[in-house]
Each structure stands twice: as C-alpha cells, then as structure tokens.
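The values are calculated or read from the model by the stated rules, or taken from the named source; none is laboratory data. Every value quoted in this text rests on a predicted model; they were computed, and no experiment measured them. Please note: Cβ atoms are built from the backbone with ideal geometry, for glycine as well, and neighbour counts cover all protein chains shown.
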Amino acid sequence: MLYAGTVVWRIMSQGALQLPKISKRRLKEVERKNNQMLDYLVGEPADEIPGIMKIIMSGYNQHLILEHISAKVMKEPDKGERVIREENSGLLIYCLKTVIDCFDGVWER
C-alpha cells in the first residue's frame, strides 16, 4: 500500500504545481464522495458494473493514473505468490483513488 501510494504521489507531483498538504477536512470530504459511489455500486447488478465504471471513468479527471494503478494492482504475478491478495485489491484501489482525488481536487479551490 505504501509503495502504491508513493507511486501515485510521484505521478501527481510531476505536474506544474506543487502538491500541498491534504487537510483532514479534505480527506473526509473525498472519502464521503467515494463512499457514496460505492453505496451506489453495491445496489447495482454485477453484470452492469463494468459499464457503469466505464461511464464513471470517462468523466474522471485522473482516469489514466487510476487505470495504471488499477492494472498494476490487479495484475497476476509473473511467478510466486500475489503481493496483494485478490480479496484486498478492491480496498487498495479505493484507497489509492482517495489519494488521487485528494491531490486532484486541490487546484479546484
């Protein structure tokens, strides 16, 4: 998790603006919005989730970063055991999306 979070931070810090510290208030706001999205997705049929995610990603400001991170998290290992258990990959992606959203939204203010 720490490594993946560092990768997100490094990618986001490559922009023209310096990344600020994220306040607890900003973190809570982003978590609330992401929880609302999860609550919505829980009520949807499983076969419709991929289509819904495509719609969400099409309007997502940092979709390339999230797609890259998600692909890395979901990738099967070349050999040996998975570093991240499959049942934990969704939680890791959720946490990383929260980090991305926190950094992405700071310039909107």
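Residue selection: L38 satisfies the criterion of being surrounded by 10 or more Cβ atoms within 10 Å (Cβ to Cβ) and at pLDDT 85 or above. Contact annotation: residue pairs with Cβ atoms under 8 Å, 6 or more positions apart or on different chains, pairing a residue in the range 24-44 that is in contact (Cβ under 8 Å) with a residue 60 or more places away in the chain with a partner that is among the β-branched types (V, I, T), are R26/V106; L27/T98; V30/T98; E31/T98; N34/T98.
In summary, helices (runs of 4 or more DSSP H) completely within the range 1-63 and bearing 3 or more residues that are touching a Cys at 6+ places or on another chain (Cβ under 7 Å) and more than 20 Å from M74 (Cα to Cα) occur at 24-42. Scanning the range 45-100 for residues that are acidic (D, E) and modelled with pLDDT of 85 or more yields a count of 3.
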